[in-house]
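In what follows, a structure is listed as structure tokens, so that the remarks can point back to it.
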Amino acid sequence: MLVIRAKNYEELSRKAAKYIANQVELKPNSVLGLATGSTPVGTYKELIRYCQEEGLSFRKIRTVNLDEYYGLRPDHEQSYRHFMDHNLFDHIDILKENTHVPDGLTQDPCAFGEAYDEMISVLGGIDLQLLGIGSNGHIAFNEPNQHFVAPTHLVKLSQNTLEDNARFFDSIDEVPPQAITMGMRSIMRAKRILILASGVNKAEAVKGMLEGEIDPMLPASILQLHPDVVLIADNEALSLCTPE
Ligand code: PGA
């Protein structure tokens, strides 16, 4: 894994956006795997600037998102469909029909998961997957577990994640307890992976991901097995790592 250090969140966002913009320029019909959460917001802002001020076009780009809260309607303020529209898609020249976010209302999560993974294959697989990392080491909503789960699936969110995400809701009781998440198969099949980490609350998870054993109790550690992963992290997120 290549580690790129940023001095702070702003620099991290600029470097990440540049990395994604290069992918879009080199392959204008790329399939981008996209993430939600606080971390990519600055990156998306910078990508919007590239599009609006520097002529970067997303016209042929296809996107697949990592996850969606189970039970939230796409127009719910905290749904990840709403997040993506609001933070990126509404401000760039992407065609909405080329953007895919898991269906949080599916009645049959198992069949939906299979269809979502199949759709990703039919698109040609993910060219560049953007990831965040949870303070518990989750990627997408693949929570610490006894084993890695391969397909897109319904997952029960951990207490740690409910607490982390309560800040977006009026209270922790309003955080949906389940989500549909891309599993490890589609993530690990991505040709390239870019993972972002910012802030001291990610430091322990980042250290485990880079220096620990591969362990489903720290899901991001599976990325050690992928041949093309770049981590862009700020000084705080790297603060527990052994200096090179
Ligand atoms: P955050 O979430 O960007 O809001 O910290 C990251 C994640 O949970 O993957």
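The values are calculated or read from the model by the stated rules, or taken from the named source; none is laboratory data. Since the structure is predicted, the reported quantities are computational estimates derived from the model, not experimental observations. Glycine also receives a Cβ, built like all others from the backbone with ideal geometry; neighbour counts cover every protein chain displayed.
Is it fair to say residue 174 is closer than 20 Å to residue 81 by Cα, acidic (Asp, Glu) and at pLDDT 95 or above? Write out each step before concluding.
Details: closer than 20 Å to residue 81 by Cα: yes; acidic (Asp, Glu): yes; at pLDDT 95 or above: yes.
Answer is yes for this residue.
Which residue pairs have Cβ atoms under 7 Å apart, sit 6 or more places apart or on different chains, and have a first residue in region 157-169 that is more than 14 Å from residue 38 (Cβ to Cβ) and free of Cβ contacts under 8 Å to residues at least 24 places away in the same chain and a second that is in a helix (DSSP H, G or I) and of a type outside the set (D, E, K, R)?
So the pair list comes out as 162/172; 163/172.
Select the strands (runs of 3 or more DSSP E) contained entirely in region 42-152, then report the ones holding at least 3 residues which are touching a residue at least 40 places away in the same chain (Cβ under 8 Å) and within 16 Å of the ligand (Cβ to nearest atom). Give the derivation first.
Details: elements: 62-65, 67-69, 128-131.
Strands (runs of 3 or more DSSP E) meeting the threshold: 67-69, 128-131.
Output the residue which, of all residues in region 170-199 that are polar (S, T, N, Q) and touching a residue at least 40 places away in the same chain (Cβ under 8 Å), is nearest to the ligand (Cβ to nearest atom). Write out each step before concluding.
We begin by selecting, within region 170-199, every residue polar (S, T, N, Q); these are 171, 178, 181, 186, 198.
Restricting the remaining residues to those that are touching a residue at least 40 places away in the same chain (Cβ under 8 Å) gives 178, 181, 186, 198.
Details: 178: 15, 181: 10, 186: 16, 198: 7 Å.
Per the criteria, the residue is 198.
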